[in-house]
Amino acid sequence: MNIIIPPPNSAVLLHFNGFSLRYYGFFMAISFLVGVIFSYLLLQKKYSKDEAEVFFDYSPYLILGSIL
């Protein structure tokens, strides 16, 4: 199991067993996660907790649609 962290002038964040994670993919995943959590908290504040749970049912479709 090799974890290699390349120099900062590379677009690759890290290599892990043939899988390379790039900076833009990492930050995109973090932004989706923060957006979903923030939206859930806002919906929970405005509506009931049960109605805000419906958002989690649709969030994978929203994320996939935004990527496409």
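The values are calculated or read from the model by the stated rules, or taken from the named source; none is laboratory data. Only a predicted model underlies this, so the values are computations on that prediction, with no experimental measurement involved. Keep in mind that these areas ignore ligands, DNA and RNA; they rest on the heavy atoms of the full protein, side chains included. Shrake-Rupley method; radii C 1.70, N 1.55, O 1.52, S 1.80 Å.
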### Message
Tell me the carbon and sulfur percent of the accessible area for the chain, rounded to whole percent, probe radius 1.4 Å.
### Response
69
### Query
Running Debye on the chain with equal point scatterers at the Cα sites and no solvent, what base-10 log of I(q)/I(0) appears at q = 0.21, 0.25 Å⁻¹?
-0.86, -1.03
### Query
If amide H atoms are built 1.01 Å from N in the plane of the peptide, which residues on other chains or at least 5 residues away come under 5 Å of the amide H of Tyr47?
none
### Query
So who's got an amide H within less than 5 Å of the one on Arg22, skipping anything under 5 residues away but keeping other chains? H placed 1.01 Å off N, in plane.
Leu13
#### Entry: Estimated vicinal HN-Hα couplings, Hz - the stretch 42-57 in sequence order (Karplus 6.51, -1.76, 1.60; Gly, Pro = x)
5, 5, 5, 6, 7, 10, 6, 5, 5, 6, 6, 5, 5, 4, 5, 5
#### Entry: Whole-number accessible area per residue in Å² for the chain, which is evaluated in the context of all protein chains at 1.4 Å
84
